[in-house]
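Take a look at the structure below.
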Amino acid sequence: MHNDTAYDSWLESIQRNEACGLATVLHGEDAQSFEPARVFLNEDGASVNTIEDPALTEGIRSRIAEKLGNKNAKGETVKIALKEGGVASVFIDIHHPPVHVMIFGAGHDAVPVAKYSVSLGFDTTVVDAREAFNCEDNFPGTERIIVQPDHYRKHVTITKNTFVIVMNHHMEKDSKSLAFALRSGAPYVGVLGPRSRREKMMAQLHEEGVSFSVAELSRMHNPIGLDIGAESSEEIAISILSEIIALSKGHRGGFLHDKHSIHKYPSQNGIPVRN
Amino acid sequence: MGLLRGRITIKETGVILLKENLKVYEAIAEAKESGKRAAVATVIKVIGSSYRREGAKMFVDETERNIGLISGGCLESDVAEEAKAVIKSGKPFTKFYDLDEDYVWGLGLGCPGKVMVYIERVS
């Protein structure tokens, strides 16, 4: 069988949970060769191509790079003009690494959050030192990390795909979880509880000499969740996970009613406009 | 104080994860390893509404094992037929489906719209 190096790189990159793109030149009916002509590019700029035309390769690579910079980017068939005239039809496939949800706090209200997160297909981690709560029975299908807040740094790994939910129901633990998460690469740090409680925590952290940059704070969401009037812990879980789904896809939430397009969202450079 | 148990790994729970494409990629990797010939059908263009979007994939191997969905169930059997030919010839193939919205919704199939599917051999 053919040697499809770009496709192999695509499969390997997906396995490593990287954001990556694969462009395939679509063969027309009159194609001379069936060998796949592709360009692969990952988030770190590593690239493999099996296209002979360097100008076309470059054109395709810049289109993939553009998409990788936008978390709302989707697969698309594009036309790219050829130097010698005519156009090539190219399908650009985009892989977004799966969302990882990390819940700090294994209380009773974390149970539905973990349950819905697992059923959405998100890799789900629960962090809490209390083994009696943080157990397989309460959180089936999740990874559980039994650790005290002072040892997060050593035992808890947050990546740029990790959506953090802070819900310890304990000021000091929440405060430590929050500080840890805001210092990490997490794109989202949701904090359960009213705004006044969060402000108190931030003031305390400030007094302890811990302060955050604007960029670090921009990932914090509190009160947590979409505004759907959630009251029960099941409803709150839906509200939180709706917010995570929306943000992971560069959407803002809200009603679809009367919208002309369901899947497209006019985000600029992948960042949804915030209030 | 003896509280650091470190990681407890995920146990298999039989939860069906909605990571269709990841299953397709796994199947491709397996086919490559075992030397089985296989094709992948990818939705490359959608006009109008559709259950699955661009990038949705379906895997078909020479034993006619299928994995993944490219529509709400309307196109899979036809695409599997086309994929057999692609596996044999190695020649990629684009097929255009035009599903009438009123007709399809009427049948409760839930996959109207115009969909272009690219089928190619990957192993």
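The values are calculated or read from the model by the stated rules, or taken from the named source; none is laboratory data. This is a predicted model, so every value here is computed, not measured. A quick note on method: Cβ atoms are made from the backbone with ideal geometry, for glycine too, and the neighbour counts reach across all protein chains shown. Please note that ligands, DNA and RNA were not included when accessible areas were found on the heavy atoms of the full protein model with its side chains. Shrake-Rupley method; radii C 1.70, N 1.55, O 1.52, S 1.80 Å.
The residues of the range A:1-26 that are free of Cβ contacts under 8 Å to residues at least 60 places away in the same chain, open to solvent by 20 Å² or more (accessible area, probe 1.4 Å) and assigned to a loop (DSSP other than H, G, I, E, B), listed by number, are A:M1, A:H2, A:N3, A:R16.
For every residue, the table says whether it meets (1) assigned to a strand (DSSP E or B); (2) open to solvent by 50 Å² or more (accessible area, probe 1.4 Å).
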{"residue": "A:G85", "(1), (2)": "no, no"}
{"residue": "A:I94", "(1), (2)": "yes, no"}
{"residue": "A:A114", "(1), (2)": "no, no"}
{"residue": "A:E131", "(1), (2)": "no, yes"}
{"residue": "A:P140", "(1), (2)": "no, yes"}
{"residue": "A:Y152", "(1), (2)": "no, no"}
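Across the range B:81-114, which residue is modelled with the lowest pLDDT among those that are hydrophobic (A, V, I, L, M, F, W, C) and part of a strand (DSSP E or B)? Within the range B:81-114, the match that is modelled with the lowest pLDDT is B:L99. Output the residues belonging to the range A:245-264 that are in contact with a Lys or Arg (Cβ under 8 Å, 6 or more places away or on another chain) and under 17 Å from A:V101 (Cβ atoms). Within the range A:245-264, A:A246, A:S248, A:K249 meet the criteria. Within the range A:157-177, the residues that satisfy the criterion of being under 20 Å from A:V111 (Cα atoms) and in contact with a strand residue (DSSP E or B) (Cβ under 7 Å, 6 or more places away or on another chain) are A:T162, A:F163, A:V164, A:I165, A:V166, A:M167, A:N168, A:D174, A:S177.
For the range B:47-80, a residue qualifies if it is among the small types (G, A, S) and either at pLDDT below 85 or part of a loop (DSSP other than H, G, I, E, B) (or both), and the qualifying residues are B:G48, B:S49, B:S50, B:G55, B:A56, B:G68, B:S71, B:G72, B:G73. Being within 14 Å of chain B (Cβ to nearest Cβ), at pLDDT below 95, open to solvent by 10 Å² or more (accessible area, probe 1.4 Å) and closer than 26 Å to A:V118 by Cβ is true of A:N161. Of the residues making up the range A:96-107, just one is open to solvent by less than 10 Å² (accessible area, probe 1.4 Å) and not hydrophobic (A, V, I, L, M, F, W, C), namely A:G105.
Look at A:S62 and say whether it is more than 10 Å from chain B (Cβ to nearest Cβ) and not in a loop (DSSP other than H, G, I, E, B).
On the way: more than 10 Å from chain B (Cβ to nearest Cβ): yes; not in a loop (DSSP other than H, G, I, E, B): yes.
Considered against the rule, which asks whether it is more than 10 Å from chain B (Cβ to nearest Cβ) and not in a loop (DSSP other than H, G, I, E, B), A:S62 comes out as yes.
Condition check for A:A110 on (1) over 23 Å from B:V86 (Cβ atoms); (2) open to solvent by 10 Å² or more (accessible area, probe 1.4 Å): one failure, at (2). One residue stands out among those in the range B:2-23 that are at the interface with chain A (Cβ under 10 Å from one of its Cβ atoms) and modelled with pLDDT of 50 or more: the one that is nearest to A:N134 (Cα to Cα), which is B:K19.
Every listed requirement among (1) facing chain B (nearest Cβ under 10 Å); (2) surrounded by fewer than 19 Cβ atoms within 10 Å (Cβ to Cβ); (3) not in a loop (DSSP other than H, G, I, E, B) is met by A:V90 save one, (2).
Looking only at the range A:27-57, count how many residues are within 14 Å of another protein chain (Cβ to nearest Cβ) and either at pLDDT 90 or above or open to solvent by 50 Å² or more (accessible area, probe 1.4 Å) (or both).
In the first step, residues of the range A:27-57 are kept if they are within 14 Å of another protein chain (Cβ to nearest Cβ); the result is A:27-38, A:40, A:50.
After this cut, where a residue has to be either at pLDDT 90 or above or open to solvent by 50 Å² or more (accessible area, probe 1.4 Å) (or both) as well, the list is A:29-30, A:32-35, A:37-38, A:40, A:50.
Going through the range A:27-57 one residue at a time, the tally reaches 10.
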